[in-house]
Structure formats: C-alpha cells, structure tokens
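Step one of this worksheet: look at the structure below.
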Amino acid sequence: MKKLLLPLLFIAAGTLVITSCISVPRNLSENSLDNLQHDRHRIVYFNPEVYPDVEEIKFPSYQAFFDGVTEKLRKFEHLKLTRVDTPLVYDSIDVQTIKEICHNNNSDLAVVPKIKYFKVGLGKYVFSNQVVISMKMFNSEGTLLSETSYDTYRKNKRMLGSTTNSIKIGTEGAMNEILREIKLMNRITAIETPPDTPKALITVP
C-alpha cells in the first residue's frame, strides 16, 4: 500500500453541513427510492471514532466523513441528517446516550461510525491511504438495527488516491447497507399498518 504523510493526504473540503438532506445510491432502483421517501426519518450521525487515536488526524477525518455522508444523502428529501460532534467509542456504546440524543434531537435513528487507519511506517503520521469505515445504526430506544463495515482496499483494491477519497468511498459503501435497512424498515411498517390507518410521519422543521 502506498505510504503517505497523513497531513498531506487531505484535500481541503467545504464547510461541513450540520443539517442536510441526502445523494441517490447508484445501486438502488427508482422503486427503492420511492420506498425510502414514503417515511420520514431524522437521523443522528455522531462524529466517527478515529483509530488510532491521533489528535492531528481527527478533524480532517471528520470533514471527509461528513462530506461523504451529505453527498450520499443529498437527494433523499425525507431523510434529515443531524450531526452530533461528540464521538462515541464504537465497541462500547452507551445505550442511554443514544436514547437521550435521539430524544433531544427528535430523531428516530442514530448512526455511530468509526474510521480505522492502518499504520504502515515508523513515523507518527505514516498511514496507508486505505481505511475501514464501520457503522452501527440504532433506533431511538437504543436497539441495534444494523452493523456494517467497508474496507476500501478489499472492496476496490485501491492502491492509489488520497485518504480523503478513500474515506468518502468507504462512507458511501457502508451507507448503502444502512439505506437498505431503512428501506426494509419502511416495507415492514407498510405491511403491519392497516390500509385505513394514516401512517405517522416525523415532523421535520
């Protein structure tokens, strides 16, 4: 894998969007898109946990990650993104925190992400430009609904390119599974709801 000095890997991105709509997944059909748009969801996204825990790489990692998230979700008008700046420890998530954050933000879903870098040299900042993006999705009661990971090297065999692009590609790949889970939730809701019962929607200001 290509060894790069991490501070030089990141391309300056635009201002992070705190509340945003979401881009159409290439692998979802128009019917899938319709299914997603029938139900409204406000989704809380936490800052990703960054591994290894090197302070200098956190901000560019957050920036690249949320650029990827907002690009992926831009065209889903009924999926609203709320960013929470505090990261959670991916392997020991406090359920009560999930419930409180969802309640305070009027959200019915929460996603806890993680970015894992691979150290490939002796220097403090010498990492591979490949990453693993992991995500866990919870409902507002703190129940784990879905967990997925996307390894940019194993999936794409990418040897070249910037870390910024790797994070965006990994974010898109992991989010495809999250979006499939949301689509499945909407289908189950439609099956379980009697035809003459109005479908409750979350009001988005």
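Read the figures in this text as sums done on the coordinates, not as results from a lab. What you see is a predicted model, and the numbers here were worked out from it, not measured in a lab. Cβ atoms come from the backbone with ideal geometry, glycine included; neighbour counts cover every protein chain shown.
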Which residues qualify? For Arg42, with a placed amide H closer than 5 Å and at least 5 residues away or on another chain, they are Lys80, Asp108, Leu109
Pairs over 25 Å Cα to Cα, from Lys136/Lys168; Lys116/Lys168; Lys80/Lys155; Lys75/Lys183, come to Lys80/Lys155
Karplus ³J(HN,Hα) for the range 41-56 (6.51 cos²θ - 1.76 cosθ + 1.60, θ = phi - 60°; Hz, whole; x = Gly/Pro) runs 9, 9, 10, 8, 10, 7, 4, x, 5, 10, 10, x, 7, 10, 4, 5
With x for Gly and Pro, the residue-by-residue ³J(HN,Hα) of the range 95-110, computed from phi through the Karplus equation 6.51 cos²θ - 1.76 cosθ + 1.60 at θ = phi - 60° and given in whole Hz, is 4, 4, 5, 4, 4, 5, 5, 4, 5, 5, 10, 6, 10, 10, 9, 9
With 0.36 nm assigned to each residue of separation and the Cα-Cα distance removed, Ser92 to Lys119 gains 7.4 nm
The simple spin-label model distance between Val54 and Asn106, using points 7 Å out along Cα→Cβ, in nm, is 4.2 nm
Given backbone amide H placed at 1.01 Å from N, residues whose amide H is under 5 Å from that of Val50, ignoring those fewer than 5 places away on the same chain, are Ile115
